[in-house]
Amino acid sequence: MTKTRDSFHSRIGFVLAAAGSAIGLGNIWGFPTQAANNGGGAFLFVYLIVTILLALPALYAEIYIGNQAQKNPIGALKEACQDTSKRLGKYGGLVGMTGAVMMLSFYTIVAGWMFAHALSPLAELMGLMDISQWLSTSSIQRNLLFTPLFILLGAAIIHQGVNAGIEKWSARLMPLLIIMLIALIIYILGQPGAEKGLALYLIPDWSQVTNPKLIVAAMGQAFFSLSIGVGGMMVYGSYMEKGKDIGKLVISITALDTCIAFMAGLLIIPAIFVAQEAGIEVFKNNQLIGEGQLIFNILPQLFNAMGTAGLFVASAFFMLLSIAALTSTISSTEVPVAYLVEDKSFSRRKATWLVSLIVLIASMTLIAFFDSLFAVVIRVLTTIMQPLSCLFYFIVVGWLWKRGNKLRDVSLQKTNKLLRWWANYLRFVCPVLLSVVFVNVAILN
């Protein structure tokens, strides 16, 4: 008897889930601080160009492979590469799955920090000053509590399935995230000094546009914020009915992700200058003091300066970051879960808790060797593994995959000029552009 595969039940459910995967700490934390350190409006301009030229096509390639195969990333890539080498496809899928676990290993730690900081102002409001101080202070003990707590939170959603878990919770969390973000933007823009941040963010310094470091930073930010290259988008694509208009869906996801990143810039960059207006040092040698210090030191100082209202703002801000982190970790967790369920015949419940245990062990290892491993894992994933996986997807779609690939169907392309143009762009232009950027990343690092 054939087992019915779980799936998304609506286009909006898929878009919200995929956008939730894309919209995470990379958008709300990483993007604004990268913009502030790399020419403000110039970074925003280059980010949009890189997103259109490379990130959107890479997202399309990843979702398209999963949607056509209707399988998890390892199974989908094996099928796509069957005319060349199933083993190559399998190894490509395993690299992506390894990247998903790597992402979860550090992402759950950072997400735990956000959750703890969201609870700290609430504890202060209740007069629990010692608990509030403990929640807002970095420590191994706090990591050992909140990292597993966040992993359990994600597992509780994943084990319910695609429709009952991922789709339903994405439909709840994404509107909440957007509402909270808009409310915080309105509040911050009304504070003294916000107009200086808006000027930096919205008026480009065109002399910075050709800066190689800015371009590389924008590329890394675009790939990381869209969650491309670890298989999450591929597995989500496989849960959509085959034959849907993937192009429109990908444009919707990219537009929503980019919109949230832009809005996050409207929140964070003005907030930096509001903090500066309040006498808090935020820049040193024309660079932000540090991304970690910005989120966990400078902005909390600003919130404290706002009095009681600042406690509510602080809790809402860090809860916003917690929600963004949760929606991103769900898709990465689904990659190995789907593999275990479909290829190894695990029950979804058993697969979810096994993957969660593996992520917990990886996270605890990073906590134990934080100074030597944490930054290295992030750098290897975002500057090497994700771009290489995307390059592999372009090669698969453009060169290796023949049977069932409409982008290689000559008869279809004769009657559809747009399809022919798009297929050739993915086949020839994207691999070259990505290779050039990747070489520059290697040189700069």
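Values quoted throughout were computed directly from the atomic coordinates according to the rules given, and no laboratory measurement underlies them. Computed from a predicted structure; not experimentally measured. When we count neighbours, we look across all protein chains shown, and the Cβ atoms used for this are built from the backbone with ideal geometry, even at glycine.
List of remarks:
- Each Lys and Arg contributes +1 and each Asp and Glu -1, all at the Cβ; summed about the Cα centre of the range 159-242, the dipole is approximately 120 debye.
- Residue among F106, F283, F115 with the largest mean-square fluctuation in a Gaussian network model of the chain, springs linking Cα atoms under 10 Å: F283
- Listed residues Y201, A76, L381: farthest to the positive end of the dipole of the chain (Cβ charges): A76
- Positive dipole terminus of the range 40-191, leading residue within L184, F45, T137 (C-beta point charges): F45
- Per residue of the chain, the DSSP helices (runs of n ≥ 4 H) give a summed -39500 (n - 2.57) that works out to -23500 deg cm²/dmol at 222 nm.
- Exposure proxy for T137, T147: other Cβ atoms within 10 Å of each Cβ, ordered fewest to most, give T137, T147.
- Computed about its Cα centre, the charge dipole of the chain is approximately 1900 debye, with only Lys, Arg, Asp and Glu carrying charge at their Cβ.
- In this structure the amide hydrogen of G40, modeled in the peptide plane, comes within under 5 Å of no amide hydrogen from residues 5 or more places off or on another chain.
- Other-chain or far-sequence residues with amide H under 5 Å of L288's (modelled H): none
- Sorted peptide list for 153-159, 338-344, criterion being average Cβ within 10 angstrom, highest first: 153-159, 338-344
- Helix runs (DSSP H) in the chain reaching 24 Å along axis by Cα, Kyte-Doolittle at least -1.0: 86-125, 140-158, 168-189, 246-277, 308-343, 348-368
- Structure-derived Rg and Dmax of the Cα atoms in Å: which label, when the choices are [x] 21.6, 71; [y] 22.9, 70; [z] 21.2, 65: [x]
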